[in-house]
Each structure stands twice: as C-alpha cells, then as structure tokens.
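Notes follow the structure.
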Amino acid sequence: LHVRSRRQRQMCIRDRVSTLHGNIWYHLGLAYYLKHDYKKAYDAYLKCRASGELPDNIVSSTHWLYMIQRRLGNTELATKMLDPITGEMDVIENQSYHDLCKLYKGITPTNSLLQNYTGSPSSDAIRYGLANWHFYNNEKEKAKEIMQDLVESSSWSSFGYIAAESDLLKYFD
C-alpha cells in the first residue's frame, strides 16, 4: 500500500492537466470529430471544457471547439470559443494546443509555428492545426500538402496523424 503525504497529494493535484470526466469527453469528442460529426463533437468538447478549469484542459478543448466551428463556417462562434485563452497560461503538457489557440486568436503569427517536425504527437498536433488553418481559410491545396506529409510520417498513432488521414479520405479522395 502506497501512502502519500499531504504535500505529495497536493503536488499531484496541482500538476494535473485534466480530470477523468474531461478525458472521457475529450476522447468522445475526438471520435465524433474523426467521423466528421461536428455537432456531436462540439457538444462533447463543450462538456470537456466545462469539466474543469485546468489550463491544459482549457487549451485542448478550445483548440477543437475552435476548429469545429471554423469547419462549420461559424467564424463568429469560433472566435468566441477563444475567450478563455490568454498569452500567458500555466500549461503543463498541451503547449502545442496553447500555441495553436494563440495563432487562432492572433497572438502568434503562423510562421512562428513552422519548425522542424520530429513526428511527435505535439508536432503532429501543430501540423494538423496548421493544415486545418489553411483548409478553412480556402487554401485547400496547402492543407492537403501538409496532411499528406503528416500521414507519410511514422507517428501513425498521434491524433494529428489520425485526423489528417480521416480528412484526406473525406475531403481529398
């Protein structure tokens, strides 16, 4: 039996990035998004965001909420989804989602997210977010190019890879 001290428990709570319910809603939203059922994905991500005020939870759910509304052509609602995002948030793990939200909000320029990609889940999230940015800004060929490059990488289990694969089949095949 492992007994944690009060300080250890406080550190675990402080360093959490999400909750069980938040993770359930996040992954349900992702499943709907991958099926291109944006209405159900949006509802799940709203519940994900409402599940807690942890910055990692806020940036990850907001990223998907924004992209969903842009896919649906609701630019005004997409912009409203960015309200809780600030340039300085205490994000522990989901820095890529925070960087993308700052891009969507106009805090970070697109070219600052361009880098040498390593095929990690974080860099795949950035690549997919940039592809999406081009997609809903009517730069479909650039979006397709980034998505194709992403699915040619070896990180087949990342959410960015899986989402790019799904979009290529739906919109470009």
Scan of region 1-41 for residues that are closer than 18 Å to I92 by Cβ, of a type in the set (A, V, I, L, M) and at pLDDT below 55, ordered by number: M11, I13
Residue ID - farthest from Y38 (Cα to Cα), chosen from residues in region 139-171 that are modelled with pLDDT under 95, open to solvent by 40 Å² or more (accessible area, probe 1.4 Å) and not in a helix (DSSP H, G or I): S154
Check on L100, modelled with pLDDT of 95 or more and under 21 Å from V59 (Cβ atoms): yes
Residue satisfying all of: in region 70-121; among the hydrophobic types (A, V, I, L, M, F, W, C) and part of a helix (DSSP H, G or I); most open to solvent (accessible area, probe 1.4 Å) among these: L77
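The values are calculated or read from the model by the stated rules, or taken from the named source; none is laboratory data. As the structure is a prediction and not an experimental result, all values here were calculated from the model. Note: ideal-geometry Cβ built from the backbone for every residue, glycine included; neighbour counts use all protein chains shown. Accessible surface areas use protein heavy atoms only, side chains included; no ligands, DNA or RNA. Shrake-Rupley method; radii C 1.70, N 1.55, O 1.52, S 1.80 Å.
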